[in-house]
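Before any comments, here is the structure.
All of the numbers you see were taken from the coordinates with simple rules; none came from a lab. Being a predicted model, the structure only gives us computed values, none of them experimental. FYI the Cβ positions are ideal-geometry reconstructions off the backbone, even for glycines, and counts take in every protein chain you see.
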Amino acid sequence: MPQTEPQTERSDYPLPLCRLAEIEDGEGKSLEVHDGTQVRELVVLRQGRAVYGYLNACPHLGVPLEMRPDRFMNARGSHVICRTHGALFRPHDGYCVSGPCVGQALTPIAVALDAAERVVLIAPLPPPPDQARARRRRELRRRFLPMVVNRRPSATGPRSAEGCAPQRDRPPEEESNAPGPSRAARQAATRPIEGARPQMSSTFPVPDEIAENAWVDAAGYQRMYEQSVADPEAFWAEQGKRIHWFKPYSQVKDVSYAPDDVHIRWFHDGTTNAAYNCIDRHLDTKRNDTAIIWEGDSPQEHKHITYGELYEEVCRLANALKANGVKKGDRVTIYLPMIPEAAYAMLACARIGAIHSVVFGGFSPDALAGRIQDCESSFVITSDEGVRGGRKIPLKANTDKALASCPGVEKVLVVRRTGGAIDWVDGRDLWYHEELGKVSDDCPAEEMNAEDPLFILYTS
């Protein structure tokens, strides 16, 4: 069988990809290009007459991004939205501002507009992320492995004059013909740099005042650990008393691995409430103490919320939820930015026995819709917009898009965060501040069984 000629990288640049008119302003286009060795997936984005190109590969995982074909921007064309995990990327530099890839960037490719109004590729594509990482590792090995002194006996050959065993176990492609550094060079490489910050090599004693007020010291922790191993049920029976119970438990654990009856239950005959334990049991002694310190997107935004204030906010929201039909066991989706109302919402749901599901505010409408549908949520709490890094995130607009495929949602409670313009659905949408103004600030906590679900948290 005749051998095929090895394929080489393309050299026919500039390479036309598409016409500018094929990409709507504020949108993008997915393309496939053969680079001479394999087919590569690309993304070309347009903002006015500016075009930006990237490899269609997640910087976090290296897999193709599951973006809606030919529509990559959000409503304002200010971010690229990835459906894989709801990440937001800036079009002009591919930098991820929200989601699991935050702080990383898409791999750019060299694209431009030619005189015929075509988007053209003007340089070879960079290697795929996995190949780039492997190439980088090989380069680091070439540069630094010769500087490592091998002091173990080697079966592959005699030591060199400088105490290094020959590197016979490296793959051929990692060998280098360059001579290794001299002894003086190796010593210089490990010599401390003048003015460099010294490494921490000391431990510092804990001040007596802090040590005296600590909940546990090393000896106490070790003692507790040994008790938990020696007699787990007795240990947890004692620890369980640290929280409030409406009805104390009589059995710590109930475990069965029988084929027809597999169950693991803890404190299952006791009743309690998570919100009561977070707030109410502290009111007698800490009503005016700070419970939450909130720092906003801007340094000028900050707030200290006392236990007394937290109690009133949570009770009002809990009553507003009940007034709008939310009851014990219902699922409530929380799609909020990092604002105090997010904490109020979680605690309010726990107070009335509703199960909350927090969805990260950077997730896309599709990601939000999938989580609403899966848990069969009937109520959503969101805000007009979020603010992250000085940029506004259209949370209400995202919610509206998500709910187009979520007919089970009956109400949407909207927090006024920025005052930005939003669409409104009469009979469904409710202003947070208006609903809380209609109810009292007293809401008794629902007695919950210790094994009742508290929240649902989806992975990305």
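Looking at the calculated P(r) for region 276-456, what percent of the C-alpha pair distances fall above 29 Å?
It works out to 18 percent of all Cα pairs.
Please compute the length gained on full extension between residue 102 and residue 116, using 0.36 nm multiplied by the number of residues separating them and subtracting their Cα-Cα distance.
1.4 nm
Please give me, ordered by residue number, the chymotrypsin sites (Phe, Trp or Tyr not before Pro) of region 376-445 that lie in loop per DSSP and have at most 14 other Cβ atoms within 10 Å.
Answer in residue order: 424.
Using a basic spin-label model with each label point 7 Å from the Cα along Cα→Cβ, how many nm lie between residue 431 and residue 294?
Here the modelled spin labels are 1.8 nm apart.
For residue 440 and residue 421, calculate 0.36 nm times their separation in residues minus their Cα-Cα distance, and state this gained length in nm to one decimal.
That works out to 3.9 nm of additional length.
List the GluC sites (Glu not before Pro) in region 285-387 that DSSP assigns to loop (not H, G, I, E or B) and whose Cβ has at most 16 other Cβ atoms within 10 Å. Which are they?
Sparse-neighbourhood loop GluC sites (Glu not before Pro): 301, 376.
Antiparallel as a % of all DSSP beta bridges within region 379-460, to the nearest 5?
Taking every DSSP beta bridge within region 379-460, about 25 percent pair in antiparallel fashion.
Please go through region 263-296 and write out the chymotrypsin sites (Phe, Trp or Tyr not before Pro) that DSSP classes as loop and that have at most 13 other C-beta atoms within 10 Å.
none
Sorting check: for 234-245, 404-415, which peptide has the highest mean count of neighbouring beta carbons within 10 Å, and how do the rest follow?
So the peptides 234-245, 404-415, ranked by packing, come out 404-415, 234-245.
What FRET efficiency do you get for residue 254 and residue 459 if R0 is 22 Å and r is their Cβ-Cβ distance, rounded to the nearest 0.05?
So, using R0 = 22 Å, E works out to roughly 0.15.
Fewest Cβ neighbours within 10 Å first, please rank 338, 448 accordingly.
Fewest-to-most ranking of 338, 448: 338, 448.
If one computes the Cα centroid of region 325-342 and of region 395-432, what distance in Å separates the two points?
Centre-to-centre distance over Cα atoms comes out at 13 Å.
Compute the separation of the alpha-carbon centres of region 260-292 and region 202-217 and state it in Å as a whole number.
29
Tell me which lysines have Cα within less than 27 Å of residue 29's Cα, excluding those fewer than 8 residues away on the same chain?
392, 396, 401
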